[in-house]
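Where a number appears in this text, it was derived from the coordinates with a stated rule and is not lab data. Everything quoted here is computed from the prediction, not taken from an experiment. Here the Cβ positions follow ideal geometry from the backbone for every residue, glycine too, while neighbour counts run over all protein chains shown.
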Amino acid sequence: MEKYKEDFIKFMVKCNALKFGEFKLKSGRVAPWFMNAGMFNDGRKIKELGEFYASAIKEHFREDFDGLYGPAYKGIPLCVAAAIGLSKTGTSKGYVFNRKEAKDYALKDNLIGMEVNSETKLVLVDDVITSGKAIRESLDVLKNSLNPKIIGIIVSVDRQEKGTTEKNALKQAAQELGIPIFSIVKFADIIHMLHNKKIDGKVYIDDETKARIDAYRKEYGAE
């Protein structure tokens, strides 16, 4: 596993963003773990988060894109932070995000940030993907706003769970959208990194927690 991925897992637990217990998801599933991106809630954390996204973007796309797109609302700070993170590596790219509600006055612009056109190549940055519904809505916004090209998507964690079919939700969304989707880490990476191992003196996945995770993955898991 690349060092930045190991560091990202440590970062999530130190920020208390990665939680283990019992959590009811939007899908109705009751999961033994949850990633709360709302815990990246100060300047230091969002700066570091942006650097992790930047590392993943550089790995998968190098510099062959024009800018980053963050779908409202969660994607907005992520695309800004990732753009800052990229600049620290010597790669300066633009960023753009959409309005959640259409603007019907003044310039009536529904995109804010860098100028785009039908030839602009963007990488979409978001936290997680479940069904892909929110991504589809974002793509519809772009189609109606000069139609820039989304060449790929980066999310924080691949939960490695089934979507609405037996297929991994990320792979299902990628196939349906025709856009490659990558994650900073996969949930299998998290298990490997944390099972019976101490981070700052604490074990986050002990054998009991691992057993609950295994039972959940047996029912809902998808590689």
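Charges only on Cβ, +1 for Lys and Arg, -1 for Asp and Glu: so what's the dipole of the stretch 3-220 about the Cα centre, in debye to the nearest 20?
Values: 37 positive and 30 negative charges, 72 e Å.
So the magnitude is around 340 debye.
In the chain, if the dipole is taken from +1 on Lys/Arg beta carbons and -1 on Asp/Glu beta carbons about the Cα centre, which of 92, 112, 25 is farthest to the positive end?
Going by the charge dipole, the pick is 25.
When 165, 120 are ordered from fewest to most other Cβ atoms inside 10 Å of their Cβ, what list results? Kindly include the intermediate steps, with their values, before the conclusion.
Numbers: 165 12, 120 21.
So the residues, fewest neighbours to most, are 165, 120.
Suppose only helical runs count, i.e. DSSP H with n ≥ 4. What mean residue ellipticity at 222 nm does that imply for the chain under -39500 (n - 2.57) per run, divided by all residues and rounded to the nearest 500 deg cm²/dmol?
Working: 7 runs with 87 residues, N = 223.
My calculation for the chain gives -12000 deg cm²/dmol from helical runs alone.
Please check the chain for the longest run free of trypsin sites (Lys or Arg not before Pro) that are loop-located per DSSP (anything but H, G, I, E, B) and have at most 16 other Cβ atoms within 10 Å.
Numbers: sites that count: 26, 29, 62, 74, 99, 100, 103, 108, 167, 197.
It works out to 109-166.
In terms of modelled amide H atoms, which long-range or inter-chain residues lie less than 5 Å from the amide H of residue 222?
It is 161, 162, by chain and number.
For the stretch 24-90, which chymotrypsin sites (Phe, Trp or Tyr not before Pro) are both in a DSSP coil and crowded by at most 11 other Cβ atoms within 10 Å? Before the final figure, lay out the partial values.
Numbers: sites: 33, 34, 40, 52, 53, 61, 65, 69, 73; in loops: 40, 65, 73.
Sites meeting the loop and neighbour criteria: 73.
Springs between alpha-carbon atoms under 10 Å, Gaussian network over the chain: tell me which of 118, 183, 138 tops the mean-square fluctuations.
118
If Lys and Arg each add +1 and Asp and Glu each add -1, what is the summed charge of the other residues whose beta carbon sits under 12 Å from the beta carbon of residue 137? Please list the in-between numbers first.
Working: positive: 100, 133, 136, 143; negative: 126, 140.
Around residue 137, the charge tally is +2.
Mind checking which of 72, 213, 83 is farthest towards the positive end of the chain's charge dipole, using Cβ charges of +1 (Lys, Arg) and -1 (Asp, Glu) about the Cα centre?
213
To the nearest 20 debye, what charge dipole does the stretch 69-189 have about its Cα centre, counting +1 at the Cβ of each Lys and Arg and -1 at the Cβ of each Asp and Glu? It would help to have the intermediate numbers written out before the result.
Working: 17 positive and 14 negative charges, 16 e Å.
It works out to roughly 80 debye.
Which net charge results when you count Lys and Arg as +1 and Asp and Glu as -1 among the other residues whose beta-carbon is under 10 Å from that of residue 96?
On the way: positive: none; negative: 66, 115.
The answer is -2.
Along Cα→Cβ, 7 Å out, is where each label goes; now give me the distance between the ones at residue 144 and residue 60 in nm to one decimal.
If labels sit at residue 144 and residue 60, their model points lie 2.7 nm apart.
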